[in-house]
1. Please count how many residues of the stretch 60-76 are open to solvent by less than 70 Å² (accessible area, probe 1.4 Å) and touching a residue at least 24 places away in the same chain (Cβ under 8 Å).
2. Please determine whether any residue of the stretch 81-104 is of a type outside the set (A, V, I, L, M), within 24 Å of L167 (Cα to Cα) and open to solvent by 80 Å² or more (accessible area, probe 1.4 Å).
3. Return the pair list, or none, for Cβ contacts closer than 8 Å from residues in the stretch 1-17 that are farther than 15 Å from L389 by Cα and open to solvent by less than 90 Å² (accessible area, probe 1.4 Å) to residues that are polar (S, T, N, Q) and assigned to a helix (DSSP H, G or I), at least 6 apart or on different chains.
4. Among the numbered criteria (1) under 22 Å from T296 (Cα atoms); (2) modelled with pLDDT of 65 or more; (3) surrounded by 15 or more Cβ atoms within 10 Å (Cβ to Cβ), which one does I249 miss?
5. Confirm whether H25 is touching a Phe, Trp or Tyr at 6+ places or on another chain (Cβ under 7 Å), modelled with pLDDT under 95 and surrounded by fewer than 18 Cβ atoms within 10 Å (Cβ to Cβ).
6. Just one of (1) open to solvent by 50 Å² or more (accessible area, probe 1.4 Å); (2) over 23 Å from K174 (Cβ atoms) trips up T343, so point out which.
Amino acid sequence: FIRRVGWDERLVNESYPWVEKQIIHQPKLAQWQGAFKDSLLDVGVSPYNGFTYDHIHGTKVGGTLFDRFGRRHTAAELLASANPKMLTVLVYATVQKVLFDQTGRRPMAMGVIFKDENGNQHQAFLTNNRRSEVILSCGAIGTPQMLMLSGIGPKAELDKLNISMVLRNEFVGKGMADNPMNSVFVPTNRPVEQSLIQTVGITKMGVYIESSSGFGQSQDSIRCHHGILSAEIGQLSTIPPKQRTPEAIQAFIKRKRDLPHEAFKGGFILEKIARPISTGHLNLVNTNIDDNPSVTFNYFHHPHDLQRCVDGIRMAAKVIQSKHFTNFTRCDKPTVEKLLNMTVKANINLIPKHTNDTKSLEQFCKDTVITIWHYHGGCHVGKVVDPDLKVLGTNRLRIVDGSTFNESPGTNPQGTVLMMGRYMGVKILRRRLGKAAHV
């Protein structure tokens, strides 16, 4: 990935440990994850690479944001490395749009409009120093939305909402991608401890196999969301916006409440498609930055993505049927058809299901696809930004986030996105000091 995007490998290798030392930890491997690890090796996802941050083929244990006390650490803690005399952080401030000076040959970012916690609007301006700049880090969905609301984007998109054009760029919001995820439910005869992703199988067929467990340890848990497998917190993205009605959401919740609490006593084996070929687009719904835009990812639009999902589900089924897993779950070796039917009936999204049609793994993939929130694209290098991530056709405006990615790096892009901040900061600083020394 680093070579493909053309980054300085030495600087990247300096920047990753900077993040890892501050907020990343080695997980205490849960029993479920241990059985999952042994099963991955049993079905040929080898070698075992132990605990490592490196993205290499085989089975490994990765880092976690949770420390040994179960406390979650966030990117905000990286601010502890900053010089407080050189930094002002506004909490509960939400940027509404970027302001431009259009008197010159190229539009020049000069500041932003932001809203405070009381809804009052304010303006913040750059200094007269020509090196000052606005950096957008709103994510793959927020950044193209922000650009368009600020007047940079496709002409038709801006015209339909009467947004004054600052710069026409037909590529803003295009090439949106998300790594589709599908899962297979694994029942157990006893409650298991809750664990998020700790172990991962990085296969050579472009599929990552991961697992989570422990979403049903009490009768009340079925009435709550189930983390990454929950329509209430994100899976509505798998159906068209016009179908996401309050009635549909309530019907989903009722169906889930009607499930016996034993239904979620086990866990899930997940498969994620790496580097999906299928892409989509982002469109504005209105001019309110607080409202989500409409995003179409076109999951499995390309047949190669669908075939890799099928291969991943087959691999997941082998893992579940491994002796290591059946010994742990204390369940008889389940048939693939039974597992897939249980998964379809679990209602993990609002897509209309084809129950009793699980012999078609292609249909199973389409029915049970959900997001893993690894959105990327919308502001690609060479189309919206240059290799230094400056917005093409403008001055003093840069983007540093996953919207510039053509692919989601690794099994989880979070580490790379965090690394980008330090990487770009050091790169810019070194360049400026170098120029100053030369002069």
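1. Adding up the residues that qualify gives 10.
2. Yes, that holds for at least one residue.
3. These pairs meet every condition: F1/T416.
4. I249 satisfies every listed condition except (3).
5. Answer is yes for this residue.
6. It fails just one condition, (1).
Per-residue answers, yes or no, for (1) of a type in the set (K, R); (2) free of Cβ contacts under 8 Å to residues at least 40 places away in the same chain; (3) closer than 22 Å to D367 by Cα:
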{"residue": "L284", "(1), (2), (3)": "no, no, no"}
{"residue": "I289", "(1), (2), (3)": "no, no, no"}
{"residue": "V295", "(1), (2), (3)": "no, no, yes"}
{"residue": "N298", "(1), (2), (3)": "no, yes, yes"}
{"residue": "R308", "(1), (2), (3)": "yes, no, yes"}
{"residue": "A316", "(1), (2), (3)": "no, no, yes"}
{"residue": "S322", "(1), (2), (3)": "no, no, no"}
{"residue": "N327", "(1), (2), (3)": "no, no, no"}
{"residue": "C331", "(1), (2), (3)": "no, no, no"}
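Yes/no per residue for (1) in the same structural domain as R168 (by the TED database); (2) within 22 Å of G151 (Cα to Cα); (3) under 28 Å from the mean Cα position of the chain (by Cα); (4) not in a strand (DSSP E or B):
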residue: K97; (1), (2), (3), (4): yes, yes, yes, no
residue: R105; (1), (2), (3), (4): yes, yes, no, yes
residue: V112; (1), (2), (3), (4): yes, yes, yes, no
residue: N129; (1), (2), (3), (4): yes, no, no, yes
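The values are calculated or read from the model by the stated rules, or taken from the named source; none is laboratory data. If you're wondering where the values come from, they're calculated on a predicted model, not measured in any experiment. In this analysis, Cβ positions are derived from the backbone assuming ideal geometry, glycine residues included, and neighbour counts consider all displayed protein chains. Just so you know, the surface numbers come from the protein's heavy atoms only, side chains and all, with ligands and any DNA or RNA stripped out. Shrake-Rupley method; radii C 1.70, N 1.55, O 1.52, S 1.80 Å.
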